[in-house]
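Trainee: Have a look at the structure that comes next, please.
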């Protein structure tokens with residue numbers, strides 16, 4: 001991927017695609033599937049400034065698996081890869097896996 005650094009409280013997210021089949025084994029065509037609302041953060045900004053001018057770091061980091069709203073972010077293509085750029089406030093939460 002080209003060097004891309006999001007500014008302030010923005011993150012770059014790569015969508016994680018869901019299952020291609022239903023539980024009954026029916027293959028879902030691309031045109032009928034909803035875009036996944038789960039992704040992996042691949043880049044984060046330095047943080048937003050608070051009222052005093054200090055930079056407040058983001059609560060998420062590169063590699064975190066997240067859930068975000070259906071209409072969150074702006075779709076972009078970087079080096080042919082479809083990614084999303086969104087503000088940290090568009091992220092609903094981090095998916096934590098059991099150790």
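The values are calculated or read from the model by the stated rules, or taken from the named source; none is laboratory data. Quick caveat, the model's predicted, so the values are computed rather than measured. With ideal geometry, Cβ positions are generated from the backbone for all residues, glycine too; neighbour counts draw on all protein chains shown.
Trainee: Filter the stretch 72-86 for residues that are out of contact with any strand residue (DSSP E or B) (no Cβ under 7 Å at 6 or more places or on another chain) and not in a strand (DSSP E or B) and give the result.
Mentor: 79, 80
Trainee: In the stretch 60-73, how many are out of contact with any helix residue (DSSP H, G or I) (no Cβ under 7 Å at 6 or more places or on another chain) and surrounded by 11 or more Cβ atoms within 10 Å (Cβ to Cβ)?
Mentor: So the answer is 6.
Trainee: If you go through the stretch 34-57, how many residues are more than 23 Å from residue 78 (Cα to Cα) and either at pLDDT below 75 or assigned to a loop (DSSP other than H, G, I, E, B) (or both)?
Mentor: Counting residues in the stretch 34-57 that are more than 23 Å from residue 78 (Cα to Cα) and either at pLDDT below 75 or assigned to a loop (DSSP other than H, G, I, E, B) (or both) gives 6.
Trainee: Further, regarding this structure: If I filter the stretch 7-15 for residues that are surrounded by 13 or more Cβ atoms within 10 Å (Cβ to Cβ), on the phi < 0 side of the Ramachandran plot, in a loop (DSSP other than H, G, I, E, B) and modelled with pLDDT of 90 or more, do I get at least one hit?
Mentor: Yes, the stretch 7-15 contains a residue that is surrounded by 13 or more Cβ atoms within 10 Å (Cβ to Cβ), on the phi < 0 side of the Ramachandran plot, in a loop (DSSP other than H, G, I, E, B) and modelled with pLDDT of 90 or more.
Trainee: Among the residues of the stretch 58-71, what is the count of those that are touching a residue at least 24 places away in the same chain (Cβ under 8 Å) and assigned to a loop (DSSP other than H, G, I, E, B)?
Mentor: 6
Trainee: Still on this structure, I have one more. Which ones in the stretch 73-93 are within 10 Å of the chain's Cα centre (by Cα) and touching a residue at least 24 places away in the same chain (Cβ under 8 Å)?
Mentor: 73, 83, 84, 85, 86, 87, 88, 91
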